[in-house]
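Each value in this text was obtained by applying a stated rule to the coordinates, not by laboratory testing. These numbers were taken from a predicted model, which means no experiment stands behind them. Because the Cβ atoms are built from the backbone with ideal geometry, glycine has one as well, and the counts that use them run over all protein chains shown.
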Amino acid sequence: MLRCADGTFYAGSTRDLEVRLEQHRTGFGSEYTRRRLPVTLAWSYRFDRIDEAFAWEKRIQGWSHAKREAFIGGGIDAIRGWSSRSRSRSGHG
């Protein structure tokens, strides 16, 4: 996960983190990050299988900014029960 200059996050998966990170840093990674340079690596994890990495990418892309921040700061324990807490705070459950 990358932190962009405007404070937003970009989640992606790759087979070669260093190459992909350099692509993003130089404006050749994605249109999203190109418009939000500079970017810094906020979180990464090496998965054994690419399908696992892709599944996490899609999961993270569905999270709110606040949930991504919590995850980066405290890992999976920081977001356990996040959905139920956020629903109860908003009065929806």
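What 222 nm value per residue comes from the helices of the chain, counting each DSSP H run with n ≥ 4 as -39,500 (n - 2.57) and dividing by all residues, nearest 500 deg cm²/dmol?
Result for the chain: -15000 deg cm²/dmol, rounded to the nearest 500.
Charges at C-beta only: +1 for Lys and Arg, -1 for Asp and Glu. How large is the resulting dipole of the chain about its Cα centre, in Debye rounded to 20?
400 debye
Provide I50, I79, I72 in ascending order of the number of other Cβ atoms located within 10 Å of each residue's Cβ, fewest first.
Ascending number of Cβ neighbours within 10 Å: I50, I72, I79.
Tell me the relative contact order for the stretch 2-89 as a rounded percent, counting alpha carbon contacts under 8 Å between residues six or more apart.
This gives 27 percent for the stretch 2-89.
For helix 65-79, what angle does its Cα long axis make with the longest principal axis of the chain, in degrees from 0 to 90 and rounded to 10?
That helix lies at roughly 80 degrees to the long axis.
To test your reading of the geometry: what angle, between 0 and 90 degrees and rounded to tens, separates the Cα axis of helix 50-61 from the longest principal axis of the chain?
60 degrees
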